[in-house]
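All remarks here apply to the structure that follows.
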Amino acid sequence: MKYWEDMCSKYGFGDGDAVPVEAALVRELYVRTVNLVAERNGSSTRAVCYDRPGCHNSVMIIFVDAVMFGTLTADQVEGKADLPEAAFHTQEPPDGAWNDAVAECADMCLDDYIDVEVKLNPSFREFLEELKADGRSAN
């Protein structure tokens, strides 16, 4: 889980300046998997996606207790809907079963389940043609 620590800190990803393109999808994968393992382990802690507004890391994971987690919708857990204010007041230090779940998930190579495809925007060819037409070099 190469991005886990960054996602758990408001200063992660270089204070939000270096968020990878796949971050939101990776975060969802982490949250879904860790929560499943944490529940199986009997942890009272759960993870929730949080799109933090402002000037710091916007792709965060926050922790809530299992009672609060049970009141959230799937969209809220996955960061697709706003969290209730109460979610920010139920954060608690993770318990031992939670720490075990995170360690177990770290050994699962979860990042291997994400495929990232970076490709050249088709409009780049048009840009080059415009440069040629203007008599300038694109090199």
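Coordinate-derived values only; no laboratory data. On a predicted model such as this, the values are computed, not experimentally measured, just so you know. With ideal geometry, Cβ positions are generated from the backbone for all residues, glycine too; neighbour counts draw on all protein chains shown.
Every test in (1) free of Cβ contacts under 8 Å to residues at least 40 places away in the same chain; (2) within 22 Å of LYS10 (Cα to Cα) is passed by LYS132 save one, and that test is (2).
Of all residues in the range 84-100, at least one satisfies being small (Gly, Ala, Ser), surrounded by 13 or more Cβ atoms within 10 Å (Cβ to Cβ), more than 21 Å from the chain's Cα centre (by Cα) and more than 17 Å from ARG27 (Cα to Cα). Scanning the range 5-35 for residues that are surrounded by 18 or more Cβ atoms within 10 Å (Cβ to Cβ), assigned to a helix (DSSP H, G or I) and over 10 Å from the mean Cα position of the chain (by Cα) returns GLY12, PHE13, THR33, VAL34, ASN35. Whenever a residue of the range 67-82 is free of Cβ contacts under 8 Å to residues at least 40 places away in the same chain, its partners that are acidic (Asp, Glu) and surrounded by fewer than 16 Cβ atoms within 10 Å (Cβ to Cβ), lying with C-beta atoms within less than 7 angstrom and at least six residues away or across chains, give the pairs ALA81/ASP75.
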